[in-house]
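The values are calculated or read from the model by the stated rules, or taken from the named source; none is laboratory data. On a predicted model such as this, the values are computed, not experimentally measured, just so you know. Heads up, the Cβs are rebuilt from the backbone with ideal geometry, glycines too, and the neighbour counts pull from every protein chain shown. What goes into the accessible areas is simple: the full protein's heavy atoms, side chains included, and nothing from ligands, DNA or RNA. Shrake-Rupley method; radii C 1.70, N 1.55, O 1.52, S 1.80 Å.
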Amino acid sequence: MPRAIWSGSISFGLVNIPVKVYSAVSRKTVRFNQIDRRTGSRVRQQRVSALDGSEVPYEDIVKGYELASGDYVTIAEDELAALDPEAGRTIDISEFVDLADIDPIYYDAAYHLVPDPATVKAYALLTRAMEDAGKVGIATFVMRTKQYLAAIRPRDGHLVLSTMIYADEVVPASDIGGLD
């Protein structure tokens, strides 16, 4: 049975509806390991220094960003943690738009929003109102350490949350050769 991957509440104006988030997709991919043909044992990857080929222990590995010059700027874990968005437990709807106003290229992953048993009526009222008006809620929320843009839409009597990508993440067709 699927398990909730996030719990919090849908929030807009003074309305707050507790929900749990379940993945709406179960990818059916096959994953392979690399095996040593001679022994049948799994092949492991090693962390080695590009400078001298020596193995690097985990405690000596830091994150770094490569500059155009080829040099690296290292970043400490506490510096990265300071960049994380504040983890709230709300899906904040900022506006309602028509579904037709959202180009499907912006959709990323889909999730079912399941109401708390104590707030089923409020959840059903929101779902029905959105269905009747033909509207989709545009929202933001933080899951794990990342802030997401999302669309909440009614589907078959319940709400589905679709994470979205930002406009600057879409590769323009003009950047692709051969589409003229």
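Here are a few things to note about the model shown:
- Failed condition for LYS135, given (1) closer than 30 Å to ALA82 by Cβ; (2) surrounded by 11 or more Cβ atoms within 10 Å (Cβ to Cβ): (1)
- Neighbours by Cβ (under 7 Å, 6+ apart or cross-chain): first from the range 28-53, without any contact (Cβ under 8 Å) to a residue 60 or more places away in the chain and assigned to a loop (DSSP other than H, G, I, E, B); second of a type in the set (D, E, K, R) and open to solvent by less than 100 Å² (accessible area, probe 1.4 Å): VAL43/ASP36
- Hits in the range 143-159 - residues which are of a type outside the set (Ser, Thr, Tyr) and in a strand (DSSP E or B): MET143, LYS146, GLN147, LEU149, ALA150, ALA151, ILE152, ARG153, PRO154, ARG155, HIS158, LEU159
- Qualifying residue in the range 124-131 (condition: free of Cβ contacts under 8 Å to residues at least 60 places away in the same chain, touching a helix residue (DSSP H, G or I) at 6+ places or on another chain (Cβ under 7 Å) and either aliphatic (A, V, I, L, M) or open to solvent by 100 Å² or more (accessible area, probe 1.4 Å) (or both)): no
- Residue match in the range 25-38 (condition: of a type in the set (Phe, Trp, Tyr) and within 26 Å of the chain's Cα centre (by Cα)): yes
- Restricting attention to the range 65-121, the residues that are of a type in the set (Gly, Ala, Ser), over 26 Å from ALA4 (Cα atoms) and either assigned to a strand (DSSP E or B) or open to solvent by 60 Å² or more (accessible area, probe 1.4 Å) (or both) total 4.
- Hits in the range 150-176 - residues which are open to solvent by less than 70 Å² (accessible area, probe 1.4 Å) and free of Cβ contacts under 8 Å to residues at least 40 places away in the same chain: PRO154, GLY157, PRO172, ALA173
- Hits in the range 16-55 - residues which are under 30 Å from SER94 (Cα atoms) and polar (S, T, N, Q): ASN16, SER23, SER26
- Search result, residues across the range 40-64 that are closer than 27 Å to LEU149 by Cβ and open to solvent by less than 80 Å² (accessible area, probe 1.4 Å): none
- ALA124 being among the small types (Gly, Ala, Ser) and modelled with pLDDT under 95: no
- Looking only at the range 1-58, residues that are charged (D, E, K, R) and touching an Asp or Glu at 6+ places or on another chain (Cβ under 8 Å) come to 3 in all.
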